[in-house]
Amino acid sequence: MHRIILILLIALVFLYSGYRYKRLTPEQKKKAIKLVLIMLGGSLLGYLVLTGRLNWLIAAIGALIPLLPRVVRFMIGVAPTLLPFLRRYQQNKHSNMRTRYIQLQMNILTGELQGNVLKGRFAGQSIQSLSKEQLLELLKECRQDDQESTALLIAYLNRMHPGWARGADDQHSYTPHDSDMDLQEARDILGVTESSSKEDVIKAHKRLMQKMHPDRGGSDYLAQQINRARDKVLDSMA
């Protein structure tokens, strides 16, 4: 009887957790997953300590220590081959977009968005620390003053707060005036450097489009900027 009650309680906890998880923003979901993994790891370690089964783990680690010199020599040997890949990984790790009001950075590998407010009543604050209501206040400021900032902030809201527009017809159809993009801005968007090859640029563009395509939680504006950045950088290499 006690086991049945325990199983039912666990099932209710999982159902409620699943319900709450679906209501989280993508950023909150990632934090929740990290927290669950840490809690599971801590629980497993505690279980091993309490049941006296930690000794075999310590013994296994001890047995691996003599192998460390071989591992170090192996890594030194393959370092020349890995370094070019690591350089590309570092330079293609982040994409940066900047307007008068907002500086937005995206982790190309995870799709995580973060950034800072550069102008207005929320200047100096990180954009991810603002509530949805505060972001909408910032959007009002941008609408009155800067179209590029408006488009970028709408893209952020669409990504982090799905359904924020509440059916308003003009929220998603807003189109900023086209503006010139300089070469450094294009490189920042793609996350590449002056020394990057055409192959690096094409790969960076592909990774970004995989994260920011409108069908994958991105927006037409972000896709347009990424495509323009690719064309700008590749034209400079011609």
Accessible area of K31, 1.4 Å probe, to the nearest 10 Å²? 130
Enumerate the amide H contacts of T99 below 5 Å, restricted to partners 5 or more residues apart or on another chain; note that Pro and chain-start residues carry no placed amide H. L104
Hits among lysines - C-alpha to C-alpha of K34 under 17 Å, sequence gap 8 or more where chains match: K22
Which order do D200, D182 take when ranked by solvent-accessible area (1.4 Å probe, heavy atoms of all protein chains), largest first? D182, D200
Need one value: the accessible area of F122 in square angstrom, 1.4 angstrom probe, rounded to the nearest 10. 10
Quick one: 3J(HN,Hα) in Hz for the range 135-142, Karplus 6.51/-1.76/1.60 with θ = phi - 60°, rounded, Gly and Pro as x. 4, 5, 5, 4, 4, 4, 4, 5
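The values are calculated or read from the model by the stated rules, or taken from the named source; none is laboratory data. All values derive from a computational prediction rather than experimental measurement. What goes into the accessible areas is simple: the full protein's heavy atoms, side chains included, and nothing from ligands, DNA or RNA. Shrake-Rupley method; radii C 1.70, N 1.55, O 1.52, S 1.80 Å.
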